[in-house]
Amino acid sequence: MTTTEPGTRTVSETMPGIYLPGNSTTEMRQVPVPTPGPGQLLVEVGAAGICGTDISYIYREYKTHRGVDGPAYRGVVSGHEPSGRVVAAGPGCARFGAGDRVIVYHIAGCGLCDNCRRGFYISCTSPSRESYGWQRDGGNARYVLAEERTCVPLPEELSYVDGALIACGFGTAYEGLRRIRVSGEGDLLVVGLGPVGLAAGMIGRGMGARRVIGVEPSDVRREWAGSLGIFDATVAPDEADAELDRLTGGAGFAFTIDASGSAPGRSTAVEHAAEWGHVSFIGEGGRFDSEVSDTLLHKQLTLHASWVTSLQAMSELATNLVAWELRPEAVVSDRFTLDEADQAFALAAGGSRGKVVFVSDSLQ
């Protein structure tokens, strides 16, 4: 039996959804297709990305987040990076309706606290805060039930894969680069060339950085990054000190960003920042230790710590990418359908060249 929403395709009563039992495997279950309530949208998923935090904190460890209690996985449909097309809108929806293309911001905050009112749902501390794919059903399914307030428009010029990447990794990179005000006044150093680092390189190019240089320990990822036309040079860590000094004449980089989340990566970002430079940390986990006087104080550095982005900035990024004629999907190295979830997660966990995404068979 099926139901049909006005002006949309036929919607089945059940759908497959991908769950993560926590032992480095996936589980596909048949789940009901939800009905949107007040202020909610039923979104047919066109694409959904696999995030490194899903791998680190759910796929391998199950129900933990950075090894502590709190916003842990609650056994829901996984995936917090969906974009797609609205097939039904619940009562009270005012901005989006059937047929609209949207990106889903991956946190549903309370909407009332200061952070939410600034658009930073990620920093909501209300007990009602829920992350798609962690505390409420996410985007690794045919449909996702989304709060209208968590959706932003996906421009027609961008694909659903573009939208899925904006939903998390590109949004995270953009916020980190906005904090350090990347511009044509200097070079940008990106440390860690996983999917978020690739995003930082592409966006830094769009923001006008004179040159974009990357540092990455993996030969496979470094080669992939170098093939994308984003970076002016990519460097291995054991060559970084000499090569980065050569590239900048020893002056360092006006802008640096660490997407590795590692202590060595953060040190590289700080040590190779120029005097009066700006450094952004966006990688989760790990530690940072530094000599203070010569490395930080005497160089007059400004350090920024950035966690994801705001709803407004995510919408702004989608518009800017169109203006810059940049397509996030260029950093995607592997695409899978939902019935290939085991292969997709195993590849993402095993060191893929670039970004791994799920794509819909029917909505492209």
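For the condition over 19 Å from the mean Cα position of the chain (by Cα) and open to solvent by 10 Å² or more (accessible area, probe 1.4 Å), what is the one hit in Cys51, Cys93?
Matching residue, one of Cys51, Cys93: Cys93.
Tell me, please, whether a residue that is surrounded by fewer than 18 Cβ atoms within 10 Å (Cβ to Cβ), out of contact with any Leu (no Cβ under 6 Å at 6 or more places or on another chain), modelled with pLDDT under 95 and farther than 12 Å from Leu311 by Cβ can be found in region 147-156.
So far as region 147-156 goes, no, none of its residues is surrounded by fewer than 18 Cβ atoms within 10 Å (Cβ to Cβ), out of contact with any Leu (no Cβ under 6 Å at 6 or more places or on another chain), modelled with pLDDT under 95 and farther than 12 Å from Leu311 by Cβ.
Within the bounds of region 211-224, is there any residue that is open to solvent by 50 Å² or more (accessible area, probe 1.4 Å), at pLDDT below 95 and under 29 Å from Glu316 (Cβ atoms)?
no
Restricting attention to region 253-270, which residues are within 27 Å of Glu185 (Cβ to Cβ) and touching a residue at least 40 places away in the same chain (Cβ under 8 Å)?
Within region 253-270, Phe253, Ala254, Phe255, Thr256, Ile257, Asp258, Ala259, Ser260, Gly265, Arg266, Thr268, Ala269 meet the criteria.
Filter region 343-355 down to the residues that are touching a Pro at 6+ places or on another chain (Cβ under 8 Å) and either within 28 Å of Val86 (Cα to Cα) or not in a loop (DSSP other than H, G, I, E, B) (or both) and list them by number.
Lys355
Looking only at strands (runs of 3 or more DSSP E) that lie completely in region 24-92, which have at least 2 residues being modelled with pLDDT of 90 or more, in contact with a Pro (Cβ under 9 Å, 6 or more places away or on another chain) and charged (D, E, K, R)?
Counting at least 2 such residues, we get 27-32.
Before we move on, is His106 open to solvent by less than 50 Å² (accessible area, probe 1.4 Å) and at pLDDT below 95?
yes
Being over 30 Å from Arg117 (Cα atoms) and either in contact with a helix residue (DSSP H, G or I) (Cβ under 7 Å, 6 or more places away or on another chain) or surrounded by 18 or more Cβ atoms within 10 Å (Cβ to Cβ) (or both) is the requirement here; does Val308 meet it?
no
Among the numbered conditions (1) touching a residue at least 60 places away in the same chain (Cβ under 8 Å); (2) not in a helix (DSSP H, G or I), tell me where Asn320 comes up short.
Single failed check for Asn320: (2).
The values are calculated or read from the model by the stated rules, or taken from the named source; none is laboratory data. Only a predicted model underlies this, so the values are computations on that prediction, with no experimental measurement involved. Please note: Cβ atoms are built from the backbone with ideal geometry, for glycine as well, and neighbour counts cover all protein chains shown. Heavy atoms of the whole protein, side chains included, go into the accessibility calculation; ligands, DNA and RNA do not. Shrake-Rupley method; radii C 1.70, N 1.55, O 1.52, S 1.80 Å.
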